[in-house]
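The values are calculated or read from the model by the stated rules, or taken from the named source; none is laboratory data. Treat the numbers as computed from the prediction; the structure is a model and nothing was measured. Here the Cβ positions follow ideal geometry from the backbone for every residue, glycine too, while neighbour counts run over all protein chains shown. The area values use the complete protein model at the heavy-atom level, side chains included, leaving out ligands, DNA and RNA. Shrake-Rupley method; radii C 1.70, N 1.55, O 1.52, S 1.80 Å.
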Amino acid sequence: MEKEKFIIQGLGKEKSLSGKIKISGSKNAVLPVMAASVLFEDGIKMTNVPLIKDLDRIKEIYEGLGIKMDKLSNDSYFINTKKVRSGEMDEKASKMMRASIIFAGPILARFGELVFPHPGGCVIGARPIDLFLEGFEKMGATWEHKNEKYYIKVKGKKLKGANIFFKKLISVTATETFIMAGVLAEGKTVLSNVAMEPEIISLIDYLNKCGAKIKGAGTPVLEIKGGDLLKSNGFVYENIPDRIETGSFLILGALCASDLEICNCDPFHLEVLIETLKDSGVNIELGKNYIKVNNKNKENYKTFDIKTHEYPGFPTDLQSPILIYLTQVNGESLVFETIFEGRLNYVDDLIKMGADIKLWDALRATVKGKTYLKGRELDGPDIRTGFAFVIAALVAENESIINNIYYIDRGYENIENRLQAIGANIERVIN
Ligand code: EPZ
């Protein structure tokens, strides 16, 4: 892999980014639909697919499963599943992307067996897969772990519908996995205490259009009647806008833009962030699919405390950008991360930039603002914090270098060109 980095000139006192920024399709909505293609007899056409590095990983997984991915235009693909087969999940791809685990549901449901390594991805906590293994057992599968791989087999040929109550916690990818498993299982599956993220609703809506029988989208209980393979019958999957990208640009705009329009987004998916920023004093104007924001009131912004929560609560994926926001507001705030135990590890880097942050434990940090950040060299540890470092570098004075930008490229399409278009001085350099 080529080592690339971003060199960013901080805006310092001249925080006047302006223009329009178009939001890409959602990474976390399109990945499960790509996995769901295994449930299809024919294939899926999808549009508004973001051009991100995770797509390369999906292609590697597809190759191992006999699925073809044909590019139709810049952002649309046809996923041809006519020759799909079971097999071993591509090891390299699975170890680089946590979302690879979502393939387990549809593959087991369709073929009754699967071998895969422990999924990798961003280093934001332990990220076990116990909920997946327990759920598959409930649906009639057995598993063993040997040679650092999981071998899962369905007793009989088909998964059996089951009642699965996610009592330990709410999980996005486990919810998606068992929705897909239930679609081809024998009988009824009831999933309780499930995640309600817009990405899950989008998946359910599309599967239902194509023949699945899933009730309860957007509520904590889902009921799935198992049936035959799905057919797209020409229905195109139209990907939803990326709400985390939208939220990150909104925070960037609140800090650094004299006038920014974020277009092709869905403000409804970001109610909690918009309400929080408005209460803090940020000028925000909402349309059906756009948000306008500026930093004209930035000297008067008020602090607030943040506790991350499953949707519709405050997203853990926006925890690092909002913490940077809080370094720029007069007063003290508490940031409480409740989803991933390793997701505040980056604060040391911000402290070195000049932020005043006290880390009480792995989950809680007090931020005292307002502080002046100074540019420095940073190693982005995951997708979201990688982009949060871009925000911090723009807020700061002087130059910053951000390494490990592979993580940013995993989730954000063409980020430097889009930022340059609104006035940011950011350059990609190959080492
Ligand atoms: C999804 O990850 C997203 N990824 C994450 O976005 C996001 O941060 C996260 O949901 C929370 O919103 C995708 O959609 C591809 P979880 P996921 O299972 O599903 C624990 C990004 O940057 N857990 O909801 O992996 C887990 O360790 C990514 O785009 C178990 O204990 O998250 C965590 O503490 C990063 N056992 C909690 O549940 C399990 O078997 C919630 O994680 C599964 C999860």
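Things to note:
- Scanning the range 27-36 finds no residues that are more than 16 Å from the ligand (Cβ to nearest atom) and either in contact (Cβ under 8 Å) with a residue 12 or more places away in the chain or open to solvent by 30 Å² or more (accessible area, probe 1.4 Å) (or both).
- Set side by side, the residues GLU245, GLU261 differ, and just one is open to solvent by less than 70 Å² (accessible area, probe 1.4 Å) and assigned to a strand (DSSP E or B), which is GLU261.
- Restricting the range 75-90 to residues that are under 19 Å from LYS153 (Cβ atoms) and open to solvent by 50 Å² or more (accessible area, probe 1.4 Å), the residue that is modelled with the highest pLDDT: ARG85
- Of all residues in the range 215-242, those satisfying the criterion of being in contact with a Gly (Cβ under 9 Å, 6 or more places away or on another chain), open to solvent by less than 10 Å² (accessible area, probe 1.4 Å) and part of a strand (DSSP E or B) are LEU222, ILE224, LEU230.
- Flag for LYS160 being touching an Asp or Glu at 6+ places or on another chain (Cβ under 7 Å) and without any contact (Cβ under 8 Å) to a residue 60 or more places away in the chain: yes
- All strands (runs of 3 or more DSSP E) inside the range 316-424 with 1 or more residues being more than 16 Å from the ligand (Cβ to nearest atom), under 20 Å from LEU252 (Cβ atoms) and open to solvent by less than 10 Å² (accessible area, probe 1.4 Å): 331-336, 364-369, 377-379, 399-403
- Residues that are within 20 Å of ASN264 (Cα to Cα) and of a type in the set (Gly, Ala, Ser), drawn from the range 275-318: GLY287
- The range 51-74, subset open to solvent by 60 Å² or more (accessible area, probe 1.4 Å) and without any contact (Cβ under 8 Å) to a residue 60 or more places away in the chain, residue nearest to GLU245 (Cα to Cα): ASN74
- Residue count for the range 69-97, restricted to those that are of a type outside the set (A, V, I, L, M) and over 23 Å from SER24 (Cα atoms): 13
- Residue, nearest to GLY218 (Cα to Cα), within the range 297-309, restricted to residues that are crowded, with 20+ Cβ neighbours inside 10 Å and within 16 Å of the ligand (Cβ to nearest atom): THR308
- Residues in the range 264-275 that are surrounded by 23 or more Cβ atoms within 10 Å (Cβ to Cβ) and in contact (Cβ under 8 Å) with a residue 40 or more places away in the chain: CYS265, HIS269, LEU273.
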